[in-house]
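Beneath this line is the structure, given in structure tokens, with notes to follow.
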Amino acid sequence: MKHLSIVVTLAALALFSASAHSAPRISIRVSPAVAMAPAVITIKTTIEPSDDNRALAIVIDSATYHRSTEIPLEGRSAPRVSILEIRDVPPGLHEVRAVLVGSTGRLANTTQLVKVEAGPGTR
């Protein structure tokens, strides 16, 4: 019985280790994380190559602001990194979402928050 529990524990650790080190299908890095309005936000998106990659949707959403952009992808030959610059982002707490879309729908998504503070002359 003791040997069985050791084997199960080692198998669980091996599975956890493999999944912990596997790269996500999509990741984003938004900079700056905090800015003054009217802000310029840079969104760097990294995707794992796949023949199924068809589009990358970038969405900035808050109670008072919404903007979305869709970038077509050509499967495995699409660039791994996309950089998008959004200008004149107003004050607020904005959710930045990146969605990787395949031929059958959403493959993966990730989010990051960005805070834009009211600057001089903005409300």
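The values are calculated or read from the model by the stated rules, or taken from the named source; none is laboratory data. Bear in mind that the values here come from a model prediction, so they are computed numbers and not experimental data. Here Cβ is always computed from backbone atoms with ideal geometry, including for glycine, and neighbour counts include all displayed protein chains.
Data table
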{"read-out": "Lone unmet requirement of (1) over 16 Å from Thr42 (Cβ atoms); (2) touching a residue at least 24 places away in the same chain (Cβ under 8 Å); (3) of a type outside the set (Ser, Thr, Tyr) for Pro72", "value": "(2)"}
{"read-out": "Condition met for Pro49 (free of Cβ contacts under 8 Å to residues at least 24 places away in the same chain and not in a strand (DSSP E or B))", "value": "no"}
{"read-out": "Every residue from segment 91-108 that is outside any strand (DSSP E or B) and modelled with pLDDT of 95 or more", "value": "Pro91"}
{"read-out": "Residue within segment 80-90 that is more than 18 Å from Ser31 (Cβ to Cβ) and part of a strand (DSSP E or B) present", "value": "no"}
{"read-out": "Qualifying positions in segment 74-90 - farther than 11 Å from Ile58 by Cβ and either touching a Lys or Arg at 6+ places or on another chain (Cβ under 7 Å) or among the small types (Gly, Ala, Ser) (or both)", "value": "Gly75, Ser77, Ala78, Val81"}
{"read-out": "Failed condition for Arg54, given (1) basic (Lys, Arg); (2) buried (at least 18 other Cβ atoms within 10 Å of the Cβ); (3) over 22 Å from Arg25 (Cα atoms)", "value": "(3)"}
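To keep it simple, each residue is scored yes or no on (1) over 19 Å from Thr111 (Cα atoms); (2) modelled with pLDDT under 95; (3) assigned to a loop (DSSP other than H, G, I, E, B); (4) out of contact with any Cys (no Cβ under 6 Å at 6 or more places or on another chain).
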| residue | (1), (2), (3), (4) |
| --- | --- |
| Ser17 | yes, yes, no, yes |
| Ser27 | no, no, no, yes |
| Thr42 | no, no, no, yes |
| Arg54 | yes, no, no, yes |
| Ala57 | no, no, no, yes |
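For (1) hydrophobic (A, V, I, L, M, F, W, C); (2) closer than 24 Å to Pro32 by Cα, each residue gets a yes or a no:
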{"residue": "Ala55", "(1), (2)": "yes, no"}
{"residue": "Ser62", "(1), (2)": "no, yes"}
{"residue": "Ser77", "(1), (2)": "no, no"}
{"residue": "Pro91", "(1), (2)": "no, yes"}
{"residue": "Val101", "(1), (2)": "yes, no"}
{"residue": "Arg106", "(1), (2)": "no, no"}
{"residue": "Leu113", "(1), (2)": "yes, yes"}
{"residue": "Gly119", "(1), (2)": "no, yes"}
